[in-house]
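Student: Below you'll find the structure I mean.
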Ligand SMILES: [Zn+2]
């Protein structure tokens, strides 16, 4: 369904983020804006998608707790259940917005958009913006700490591509967790503290859910601890954790698994655990150079983003004829989809590198390019 | 293959030498002699006879995955390692192969050397079919010519010694020289009573870098031998007991037999008594000082057959400057003091001028030596060597606890400030980051490329430079990014030679980054003329 070039697209890349436009002077709303906006629709609470300072926020119901923690208690946040359409109105028209689970982290949402009313001729296609997403055709639910990705039919799909290269095919997460637990067991037997680096929102809780608490105590860094109540409030079951206060660290030394954000690598905080071994939980750990670069002793290939088959599966399931690609290896994925699926594709520029950047806390090839 | 792949992963996943050693020792202890020999062979940095060209593997990968070439290229750019890229792209990694390393070696590696392309394709496809992703990765490393897993031969020596409860020095002596991936070879290395063969080089004793003033750390000048530090090829000359039966041999520190490249040294060595082993430096010599390193280089690269045919009129010649003796009349003299070994060297009446002992630098005070050291560049030497006269000849880089030992007291490298003009991805642990830089100097108001350099920056600096490169790219050509000529780096290098192969007309040796000069702008960088002046010294 070629889009008539006379009407502007419903969603477009604007200086401050993705703009939803039905022809007015100002966009109707912004998706994941990095500048304060009157109305911000947030796909999920990661730092590169949710910024402070907007007047009003819209997000999914299970995502409200973590978003509120991150945006501050005074932020005006309105949440909607997955699959429940709601209306967003402006001076130039109205749009129907529906959130669907994106499978990325707690509360992460795909955003489906349709024009309901507009004063000028409008884009009549159905759009879906995936935000960061994770989908596996193989696993029933690869991530027990959030709702499973749900395919949504649309005409135009805006998809992320953090791992948009065919080298990325995730191993079975159960096997990866088994390896991580064995590694912990071995370190504990040798009197070493195991440190696993995981991004504070989502990855850390997913790692936590995969650990075997019978091996020893589990410690969490303060940055991760603050989000655990939000998970508990949404009914996600997580093992008991010890907070890594100075006093508690003594009891953790040599036996515990400690989950910490990647930024603490090489810090005095880390050194206070005595003899340590470090691991990193990230899809990038599939690549040897990424493990060796930071001299991680171990790499845990656990990702909250779809791998290559996952991305292709999402595109296929959507039935979209037009696909915009953003965040990561956008050029290769767009070109591949055009070449092999005959789709109309385009690259959506982003200002920020993906959250995967923060996962590895290092610069990343192909991103931000 | 399963155990060897696990060993590879174990070595690869730790930075601690002790853990790498334990992993290797465990492997050697439980592996069959044949598996152990093959593992030792490749871990020591040996390569297959004929490597499989990347093109062939690339073609097979496209065929099997059905992916377009540009997408494989984009994947490679992110992985930074071709063997790994293939392993990550190939479909259906199964349960993995249970075949032994020997079986894989004989079935899927050795035949590659003698097969045509069609047969090689079939062999590789069969191997891929039975292997899982990790095994495929290790297999690719082996057939493409090198494991490169951060293990040196001396670590393999120590691991084998640990596994078989042998003296590392004995294993080192047995393993120097030729290695074979055969059980016979492995048994000869690990057997209790293998006779020590004099034709094998002994482990070289290595010097440590002296960073402080010698008067502060080395004590009394009178106890130390000072010699010029030559920039040649460190070599061991071995004259067996019966030189007529067993010809002399010349081994480089890389444990390569370099005798064929320097036949005049072997010829002169026939005048030495049997059972002599000398340690020294092979050099080009010109008048009263070494010839530029380039002269030696041409001889090293020359094919063995033509090596002896030097033009008669060339006044430069090849010499061995001997500075130590390790065997005398067949006896190992490494355990006696340097003072005694130098006496033996004098007693030997070396066949000068081709083989001669180094002359001690007689300056009697540290201050005097320090100022003499400043003349190193004119003398075409790298500085001074300081060796304790009371010290024994050690093994490798071991530091004796008694304050003896060898020290290299080098002059600072030549330095220039150069402009970063191009960058490329690094490989291995730096994959995905721009770490391979090309530098330029000014010439008639234009920047002329003159050197590539990699190491020297801290991780934090590398990340900042990488970030800068991404934001300041002016042109991309394949993996190479041309950047705005803005960043200035201080480069150090060991020497400069005139070169017709370089656009700048000059080639630098061992260029490396000393410092990121954030205080300088591009127009403050050096001129090509400064480099030319250094070349003329
Ligand atoms: Zn995210």
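Every read-out reported here was derived from the displayed coordinates using simple, explicitly stated rules and does not represent laboratory data. Since the structure is predicted, the reported quantities are computational estimates derived from the model, not experimental observations. Quick reminder, even Gly has a Cβ in these numbers, built from the backbone with ideal geometry, and neighbours come from all protein chains shown.
Student: Give the average, rounded to an integer, of partner chain Cβ atoms located within 10 angstrom of each Cβ in B:456-467.
Tutor: Details: counts 0, 0, 0, 5, 0, 0, 3, 4, 1, 1, 4, 2.
The mean count of partner-chain Cβ atoms within 10 Å per residue comes to 2.
Student: I need B:520, B:20, B:55 ordered by Cβ neighbour count within 10 Å, fewest first.
Tutor: If I rank by nearby Cβ atoms, fewest first, I get B:55, B:520, B:20.
Student: Further, regarding this structure: Please check which bits of the range A:10-49 a label hung off residue A:91 would reach, taking the label as a point 7 Å along Cα-to-C-beta and the cut-off as backbone N under 17 Å.
Tutor: In the range A:10-49, the label zone of residue A:91 (backbone N under 17 Å from the point 7 Å along Cα→Cβ) covers A:20-30, A:38-39.
Student: Which value at 222 nm does chain A reach when only helices count, each DSSP H run of 4 or more adding -39,500 (n - 2.57), with the total divided by all residues and rounded to the nearest 500 deg cm²/dmol?
Tutor: After summing the helix terms and dividing by the residues of chain A, the value is -6500 deg cm²/dmol.
Student: Sort B:224-236, B:470-482 for me by packing, meaning the mean count of neighbouring Cβ atoms within 10 Å per residue, highest on top.
Tutor: On the way: B:224-236: 21.5, B:470-482: 13.2.
The packing order, highest mean first, is B:224-236, B:470-482.
Student: Further question on the same structure: Would you mind telling me which residue in A:77, A:264, A:218 has the biggest mean-square fluctuation in a Gaussian network model of chain A, where springs connect alpha carbons within a distance under 10 angstrom?
Tutor: Looking only at A:77, A:264, A:218, the largest GNM fluctuation is found for A:264.
Student: Quick check: Cα centre of the range B:481-531 to Cα centre of the range A:1-77, how many Å?
Tutor: One Cα centre to the other: 48 Å.
Student: For helix A:308-318, report the angle its Cα long axis makes with the longest principal axis of the Cα atoms of chain A; keep it between 0 and 90° and round to the nearest 10°.
Tutor: That helix lies at roughly 30 degrees to the long axis.
Student: If you don't mind, another one. Counting only other chains, and only Cβ atoms inside 10 Å, what mean value do you get across the residues of A:283-291?
Tutor: 6
Student: Tell me, what is the percent relative contact order of the range B:414-535, built from C-alpha pairs under 8 Å that lie six or more residues apart?
Tutor: Once divided by the residue count of the range B:414-535, the mean separation gives 31 percent.
Student: Sequence gap at least 6, Cα distance under 8 Å: using those rules, report the relative contact order of the range B:208-410 to the nearest whole percent. It would help to have the intermediate numbers written out before the result.
Tutor: Numbers: 379 pairs, mean separation 58.7, N = 203.
Result for the range B:208-410 is 29 percent.
Student: Using mean Cβ contacts within 10 Å as the protection proxy, how do B:495-508, A:145-158 order, highest first?
Tutor: Result, highest mean Cβ count within 10 Å first: A:145-158, B:495-508.
Student: Also: Be a star and scan the range B:387-407 for residues whose amide nitrogen sits under 20 Å from the point 7 Å along the Cα-to-Cβ vector of residue B:212.
Tutor: B:387-391, B:398-407
Student: Sort B:75, B:115, B:18 so that the residue with the fewest other Cβ atoms within 10 Å of its own Cβ comes first and the one with the most comes last.
Tutor: B:18, B:115, B:75
Student: Another question, if that's okay. Test of understanding: in a Gaussian network model of chain A with alpha carbons linked when under 10 Å, which of A:344, A:331, A:240 would top the mean-square fluctuation ranking?
Tutor: So, out of A:344, A:331, A:240, the one fluctuating most is A:240.
Student: In degrees, nearest 10, range 0 to 90: what is the angle between the Cα axis of helix A:330-341 and the longest Cα principal axis of chain A?
Tutor: Roughly 60 degrees, rounded to the nearest 10.
Student: Just the Kirkwood number for chain A, please: inverse of mean 1/r across all distinct Cα pairs, in Å, one decimal.
Tutor: It is 21.1 Å.
Student: Still on this structure: How much length, in nm to one decimal, is gained on full extension between residue B:180 and residue B:62, taken as 0.36 nm per residue of separation minus their Cα-Cα distance?
Tutor: Working it through step by step, the gained length comes to 39.0 nm.
Student: I would also like to ask the following. For chain A, what proportion of DSSP beta bridges, expressed in % and rounded to the nearest 5, is antiparallel?
Tutor: Details: 24 of 63 bridges.
So the antiparallel bridges in chain A amount to around 40 percent.
Student: What is the antiparallel percent of DSSP beta bridges lying wholly in the protein assembly as shown, to the nearest 5?
Tutor: Of all bridge pairs located within the protein assembly as shown, approximately 65 percent are antiparallel.
Student: Between the range B:370-444 and the range B:20-47, what's the alpha-carbon centroid distance in Å?
Tutor: Using only Cα atoms to place each centre, the spacing works out to 32 Å.
Student: Additional query: For residue B:512 and residue B:398, calculate 0.36 nm times their separation in residues minus their Cα-Cα distance, and state this gained length in nm to one decimal.
Tutor: Numbers: separation 114, 0.36 × 114 = 41.04 nm, distance 2.66 nm.
Using 0.36 nm per residue and subtracting the Cα-Cα distance, I get 38.4 nm.
Student: Three principal axis extents, largest first, for the C-alpha atoms of the protein assembly as shown, in Å?
Tutor: 104, 66, 65
Student: Give me B:285, A:269 sorted ascending by neighbouring Cβ count inside 10 Å, so fewest comes first.
Tutor: Result, fewest neighbours first: A:269, B:285.
Student: Compute a Gaussian network model of chain A, connecting alpha carbons closer than 10 Å, and tell me which residue from A:74, A:124, A:304 fluctuates the most.
Tutor: Looking only at A:74, A:124, A:304, the biggest GNM fluctuation is shown by A:74.
Student: Once the Cα atoms of helix A:173-189 and of chain A are each reduced to a long axis, what angle between those two axes, in degrees from 0 to 90 to the nearest 10, is obtained?
Tutor: Helix A:173-189 sits roughly 30 degrees off the main axis of chain A.
Student: What average number of partner chain Cβ atoms lie no more than 10 Å from the Cβ of the residues making up A:248-258?
Tutor: For peptide A:248-258, the averaged partner shielding equals 0.
Student: When only C-alpha pairs under 8 Å and at least 6 residues apart count, what is the relative contact order of chain B, in percent?
Tutor: Relative contact order of chain B: 12 percent.
Student: Tell me the label-point distance for the pair residue A:339, residue B:118, using the 7 Å Cα-to-Cβ offset, in nm and rounded to one decimal.
Tutor: Going by the 7 Å Cα→Cβ label model, 2.9 nm.
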